[in-house]
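Single-structure report; data block below.
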Amino acid sequence: QKEVEQDPGPLSVPEGAIVSLNCTYSNSAFQYFMWYRQYSRKGPELLMYTYSSGNKEDGRFTAQVDKSSKYISLFIRDSQPSDSATYLCAMSEGRSGAGSYQLTFGKGTKLSVIP
Amino acid sequence: DVKVTQSSRYLVKRTGEKVFLECVQDMDHENMFWYRQDPGLGLRLIYFSYDVKMKEKGDIPEGYSVSREKKERFSLILESASTNQTSMYLCASSSSGPGGEQYFGPGTRLTVT
């Protein structure tokens, strides 16, 4: 079983729609959750960062974490054509101090917002 | 803002050539990473480094090596490029804070012919 599952899409929505992007995971030790946005032929850009369960809102974007269900979501309100990109979820166990730690990424969902 | 830069956006090399990809970050981050990204396979970690002169193998280190002589710079080396190394290469950095969020460079699209 893969550690992080993410529907690859593609997902196509009309401009102004509410978009819901989701990831499920199996490792209950994950504590930090991230969403990245990647435009075509560019590097991923950190969009949202949350710790533990709950919601975090930033403008039109809301990140939601449900640790009991091992499920995270990214909601985009009033979607715009400029939101067309691939969205990757990522998570970590959050080891602190010296030493390295890695992120576990989903494979990404490709979103197209049609004008 | 964190800035991660990569030496080339596009690179075309011949089979058997030695290839150097350079990455520089300006945020004094301890950790640096090299990934490759291929359609349907997602991001795959090649190597990472948590300190100067330190390196750790990721999931797919075969055919690659790395060098970190200065904190801000992390180089990926393809000793003898092969066509199956044609890919998008992404460098990232992170601090040693608890969350481990990574900041990515723009990527290098490498084609090996």
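Residues of the stretch A:1-23 being of a type outside the set (D, E, K, R) and either within 11 Å of chain B (Cβ to nearest Cβ) or closer than 28 Å to residue B:4 by Cα (or both), which ones?
The answer is A:4, A:6, A:8, A:21, A:22, A:23.
Of all residues in the stretch B:45-66, count the ones that are in contact (Cβ under 8 Å) with a residue 12 or more places away in the chain and closer than 22 Å to residue B:17 by Cβ.
8
Name the single residue, out of those in the stretch A:50-65 being touching a strand residue (DSSP E or B) at 6+ places or on another chain (Cβ under 7 Å) and open to solvent by 60 Å² or more (accessible area, probe 1.4 Å), that is farthest from the other protein chains (Cβ to nearest Cβ).
So, considering only residues that are touching a strand residue (DSSP E or B) at 6+ places or on another chain (Cβ under 7 Å) and open to solvent by 60 Å² or more (accessible area, probe 1.4 Å), the one farthest from the other protein chains (Cβ to nearest Cβ) is A:60.
Quickly run through the stretch B:73-113 and pick out the residues that are open to solvent by 20 Å² or more (accessible area, probe 1.4 Å), within 13 Å of chain A (Cβ to nearest Cβ), under 23 Å from residue A:42 (Cβ atoms) and in a loop (DSSP other than H, G, I, E, B).
Matches in the stretch B:73-113: B:95, B:101, B:106.
Of all residues in the stretch B:57-113, which are closer than 23 Å to residue A:36 by Cβ and hydrophobic (A, V, I, L, M, F, W, C)?
Listed by number, the residues that qualify are B:60, B:66, B:74, B:76, B:88, B:90, B:91, B:92, B:104, B:110.
When the stretch A:68-98 is examined, which residues are found to be more than 13 Å from chain B (Cβ to nearest Cβ) and either in a strand (DSSP E or B) or within 12 Å of the chain's Cα centre (by Cα) (or both)?
A:71, A:72, A:73, A:74, A:75, A:76, A:85, listed by residue number.
Name the residues in the stretch A:24-42 that are within 12 Å of another protein chain (Cβ to nearest Cβ) and within 15 Å of the chain's Cα centre (by Cα), would you?
A:30, A:31, A:32, A:33, A:34, A:35, A:36, A:37, A:38, A:39
The values are calculated or read from the model by the stated rules, or taken from the named source; none is laboratory data. Predicted, not measured: the structure shown is a model, and the values here were computed from it. Here Cβ is always computed from backbone atoms with ideal geometry, including for glycine, and neighbour counts include all displayed protein chains. Keep in mind that these areas ignore ligands, DNA and RNA; they rest on the heavy atoms of the full protein, side chains included. Shrake-Rupley method; radii C 1.70, N 1.55, O 1.52, S 1.80 Å.
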